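Report on one structure; see the data block that follows.
Laboratory data are not the source of any read-out in this text; all were calculated from the coordinates shown. Computed from a predicted model, the values in this text were never measured in an experiment. Here the Cβ positions follow ideal geometry from the backbone for every residue, glycine too, while neighbour counts run over all protein chains shown.
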Amino acid sequence: MSIEDLTTFFGWSSVINLIILTLSAIILILFKGKVAPLHAKMFSLKEEDVLRAYFEYLGQYKILVIMFNIAPYIALKIMY
């Protein structure tokens, strides 16, 4: 596998993961009033805890996308 192939892979992986992150954020913002009570019931949690878990999920996912997709892509672009 060449550097060009890896660069392409990380580039597309970044795009796909950023789309998933954006859609997840939009869905949670638009439908949190309906989804949060459902998840609170399903997992026997308070609704405030569920909303906090959503925020943590988005934050952690964003960090993972940056660390494992965007940073390697930028490094490979600098190298090549």
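What to note about this one:
- Computed helical MRE - 222 nm, the chain, DSSP H runs ≥ 4 contributing -39500 (n - 2.57), nearest 500: -30000 deg cm²/dmol
- Spatial offset of the stretch 31-80 relative to the stretch 4-24 amounts to 16 Å, using the alpha carbon center of each.
- Helix 3-42 and the long axis of the chain differ in direction by around 0°, with both axes built from C-alpha atoms.
- With q set to 0.15, 0.17, 0.23, 0.26 Å⁻¹, the log10 of I(q)/I(0) for the chain, from the Debye formula over equal scatterers at the Cα positions, is -0.62, -0.71, -0.98, -1.13.
- Sequence ranges 65-78, 25-38, ranked by mean other-Cβ count within 10 angstrom, highest first: 65-78, 25-38
- Straight-line cross-link partners of residue 46 among the aspartates and glutamates, defined as a Cα under 17 Å from its Cα and at least 8 positions apart when in the same chain: 56.
- Normalising the average separation of contacting C-alpha pairs (under 8 angstrom, six or more residues apart) by the number of residues puts the relative contact order of the chain at 53 percent.
- Only the Cβ atoms of Lys and Arg (+1) and of Asp and Glu (-1) were treated as charged; on that basis the dipole of the chain about its Cα centre amounts to roughly 280 debye.
- Residue with peak Gaussian network fluctuation, the chain [Cα springs, cutoff 10 Å], from 13, 24, 44: 44
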